[in-house]
Number of protein chains: 2
Amino acid sequence: MADNDFKTAFAPASIGNLGVGFDMLGLAIAGVGDRVSARKVDNAGIVIREVQDPDGNPHPFLSNDAAENTASIAAAALWEALGDGSGVELIVRKGIPLQSGMGSSAASAVAAVVAVNALLNMPLAAPDLLEYALVGEKFASGGLFADNVAPSLVGGLVLCPRVLLPDMIQLPAPDGVSSVLMHPELQVNTAESRKGLARNISVDKWLTQQGLLAGFVAACSQEDIDMLGRCLRDEIVEPQRANAVPCFADAKSAAHAAGALGCSLSGSGPSIFALCRDADASNVAAAMEQACHKMHYDCESWISPLATPGAHVE
Amino acid sequence: MADNDFKTAFAPASIGNLGVGFDMLGLAIAGVGDRVSARKVDNAGIVIREVQDPDGNPHPFLSNDAAENTASIAAAALWEALGDGSGVELIVRKGIPLQSGMGSSAASAVAAVVAVNALLNMPLAAPDLLEYALVGEKFASGGLFADNVAPSLVGGLVLCPRVLLPDMIQLPAPDGVSSVLMHPELQVNTAESRKGLARNISVDKWLTQQGLLAGFVAACSQEDIDMLGRCLRDEIVEPQRANAVPCFADAKSAAHAAGALGCSLSGSGPSIFALCRDADASNVAAAMEQACHKMHYDCESWISPLATPGAHVE
């Protein structure tokens, strides 16, 4: 079999939690993602030929061990269930920084299942790939968290509470709203960050946060952008994680001053996102970057429409 | 001034919490409610001429003291803000049983503000009356809980988290779904019931219940009746209150066996509600009543479309 037997899939980065929906709401991001190429080989099992960095060089931190990579683990789950008994060889091209809060592990898992799906005689519809991608994500995050996997897979804004898995709900994305995602040059380990969170919350906090999320979901359906902004707040988890990202408070203030509808950590950080009206997006991004630079962190940012496409075969 | 100067408003009973949305989701009920008649009088202030029972007789338990009735307290809040300085006389006709979990105090407060609104030179739109009706409800319940007041005021299915008040969000009501509300001959004091609830919950419970409510709201917008049914559960409050209503467990089992999408306590009980497809409604109601009768409680039930109208001047 030759290299042109490869099927290559792109899976976008994503914003987990989206502030208001801890562990259950996510949004796909345009212009940055991971790619996985997959082809059938004679020897049974899944192997990784290479994991590459964004420049196409061997990745300095990720090994080629198929038992230790979210892409190969997710690919194996799908191929063992529905494959033809042959083997699969993968090439993983990381476009998303590690431990960035941008859904890096999820995007690799998603790109892998979408590429392997293209090798099946009867490929599944994208939503039916969720449970296989989640097997890879579980290896990275330690639990069944779909808020990065789901938007990376199907695009846009996705509600995916654990209690409803493997079902998820694609939310309507109001016209006229963009996301800004800024990645400062810091790393936060999500699994470690999760261990530091409180195990119990007050009933008042529960009702406040639940009210905000329910309001956010309704505001999306009703295209009520003012209400969407009022609801875009995290009263429970953000206060517990904000101190781990030194530029967060200033970037958030700057985003609001530049007209953002809301601003919070992306996943467990260090990336920071804001939602804003389309016309404000470049100002919001510039203000967030400036706040970050003032604290001497390099950063990069991306502006995306809410209705950003999910993973696809290239 | 003569009796024909009276403006009379009807406000429907309602299901508070609707199981999945403790303190923030409610549904109006057809065929049962309170009426308040209001007319202007010369002497400033609000007075109650009479509180009547469903048969038009003086109510055996409610006094005419305007400082002690949700209707007059709500009416006073509106009239003191926007009235012309004259007085108002009220007649309150209770159609809803007390301490029934059917939003009795809320309906009186709503009927009062809607009747008094009709006396204003520039009446407010219904949603703008919410904050005044809440003043009356707060007297009865001890807090700012809008999940009975809001649906009684504007009808249908309403999301009204405290964090968004005085704003509320009217949710689309999927076609083909009915509510069944059954009132067993028991009383539960809501304020007392609230005191018995746990003050803290686990993060797991929070995320489960929040996921269910967010899913319910999305399912309403997408008219996904199966998803609506999957989300119609209360994992936190119902288990703490179920024992106070001896017929609850059997009525719930009977409702599910008869095809209900979901079943829980209405408010703090003792009333029990189910949502179901229209075609199943009479079977569900009969099954719930039978379960109640087996335990030797009298009961009464009402079947309503989700899109039941709210309060109005008659």
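The values are calculated or read from the model by the stated rules, or taken from the named source; none is laboratory data. Note that the coordinates shown come from a computational prediction; the quantities given were computed from them, not determined experimentally. Quick reminder, even Gly has a Cβ in these numbers, built from the backbone with ideal geometry, and neighbours come from all protein chains shown. Side chains are part of the model used for accessible areas, which takes the heavy atoms of the whole protein and leaves out ligands, DNA and RNA. Shrake-Rupley method; radii C 1.70, N 1.55, O 1.52, S 1.80 Å.
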Original post:
Between their Cα atoms, which of A:Lys252/B:Lys138; A:Lys205/B:Lys138; B:Lys94/B:Lys195; B:Lys138/B:Lys252; A:Lys7/A:Lys138; A:Lys40/A:Lys94 are more than 28 Å away from each other?
Top reply: A:Lys252/B:Lys138; B:Lys138/B:Lys252
Original post:
In Å², nearest 100, what accessible area do chains B and A bury in total when the solvent probe is 1.4 Å?
Top reply: 3100
Subject >> Order of exposure, largest accessible area first, which applies to A:His183, A:His293 with probe 1.4 Å >> reply: A:His293, A:His183
**OP:** Note the distances from A:Glu192 to each other copy's matching label point, with points 7 Å along the Cα-to-beta-carbon direction, in nm, sorted shortest first.
**Re:** 5.4
Subject >> Solvent-accessible area, 1.4 Å probe, carbon plus sulfur percent, for the stretch B:98-250 >> reply: 47
**OP:** Calculate, for the protein assembly as shown, the solvent-accessible area per residue in square angstrom, rolling a 1.4 angstrom probe over the heavy atoms of the protein chains.
**Re:** 38
Subject >> Kirkwood Rh in Å, taken over the stretch A:45-129 so that all alpha-carbon pairs contribute >> reply: 13.1
Subject >> For B:Leu98, label point 7 Å along C-beta direction: distances to other copies, nm >> reply: 6.9
Subject >> A:Glu314/A:Glu235 FRET efficiency (R0 51 Å; Cβ-Cβ; nearest 0.05) >> reply: 0.80
**OP:** Could you name every residue in the stretch A:213-256 that has 50 Å² or more less accessible surface in the full protein assembly than in its own chain alone (probe 1.4 Å, ligands and nucleic acids excluded)?
**Re:** A:Ala214, A:Gln222, A:Met227, A:Arg230
**OP:** Work out the FRET efficiency for A:Lys195 and B:Leu120 from their Cβ-Cβ distance, taking R0 = 56 Å, and round it to the nearest 0.05.
**Re:** 0.45
Original post:
In whole angstrom, how far apart do the alpha carbon centroids of the stretch B:66-123 and the stretch A:3-23 sit?
Top reply: 54
**OP:** Could you pull the accessible area for A:Lys205 with a 1.4 Å probe, rounded to 10 Å²?
**Re:** 90
Original post:
What's the percent breakdown of Cα-Cα distances in the stretch B:105-249 across 10 Å bins, shortest bin first?
Top reply: 10, 31, 39, 17, 3, 0
Subject >> Per-residue [θ]222 nm for chain B (sum of -39500 (n - 2.57) over DSSP H runs n ≥ 4, rounded to 500) >> reply: -10000 deg cm²/dmol
**OP:** Would you jot down the residues in the stretch A:23-47 that end up with at least 10 Å² less accessible area in the complete protein assembly than in the chain alone, with a 1.4 Å probe?
**Re:** A:Asp23, A:Met24
**OP:** Please label the shape of the stretch A:131-183 as rounded, prolate or oblate, based on the square roots a ≥ b ≥ c of the eigenvalues of the alpha-carbon gyration tensor (a/c under 1.5 means rounded; beyond that, a/b larger than b/c means prolate, else oblate).
**Re:** oblate
Subject >> Net charge of neighbours whose Cβ lies under 12 Å from the Cβ of A:Ser105, counting Lys and Arg as +1 and Asp and Glu as -1 >> reply: -1
Original post:
Counting other Cβ atoms within 10 Å of each Cβ, which chymotrypsin sites (Phe, Trp or Tyr not before Pro) in the stretch B:246-314 have at most 12 and sit in a DSSP loop?
Top reply: none
Original post:
Tell me, what ³J(HN,Hα) does each residue in the stretch B:297-306 have, in order and in whole Hz, if you take phi through Karplus 6.51 cos²θ - 1.76 cosθ + 1.60 with θ = phi - 60° and put x for Gly and Pro?
Top reply: 9, 5, 7, 9, 9, 9, 10, 9, x, 4
Original post:
Based on Cα positions only, what radius of gyration and what Dmax would you give for the protein assembly as shown, in angstroms?
Top reply: 27.8, 97
Original post:
In nm, to one decimal, how far is the modelled label at B:Ser202 from the one at A:Glu80, with both set 7 Å along Cα→Cβ?
Top reply: 2.8
**OP:** Identify which of A:Ser266, A:Ser221, A:Ser301 has the largest mean-square fluctuation in a Gaussian network model of chain A, with springs joining Cα atoms closer than 10 Å.
**Re:** A:Ser221
**OP:** With the cut-off at 20 Å, report for the stretch B:177-305 the share of all Cα pairs above it, as a whole percent.
**Re:** 46
Original post:
To one decimal in nm, how far is B:Asp84 from the same spot in the other copies, if labels go 7 Å from Cα toward Cβ? Please give the shortest first.
Top reply: 8.7
Subject >> Rg/Rg_globular for chain B, with Rg_globular taken as 2.2 N^0.38 Å and Rg from C-alpha atoms >> reply: 0.97
**OP:** Provide the percentage of antiparallel DSSP beta bridges, counting only those with both residues in chain B; round to the nearest 5.
**Re:** 85
Subject >> Gaussian network model of chain B, Cα within-10 Å springs - most flexible of B:Val149, B:Val20, B:Val110 >> reply: B:Val20
Original post:
Taking the Cα centre of the stretch A:177-305 as the origin, how large is its charge dipole in debye, to the nearest 20, when only Lys and Arg (+1) and Asp and Glu (-1) carry charge on their Cβ atoms?
Top reply: 440
Subject >> chain B: most fluctuating residue of B:Leu275, B:Leu25, B:Leu165 per GNM, C-alpha cutoff 10 Å >> reply: B:Leu165
Original post:
Debye sum, Cα scatterers, the stretch A:1-154, no solvent: what log₁₀ I/I(0) at q = 0.15, 0.20 1/Å?
Top reply: -0.67, -1.19
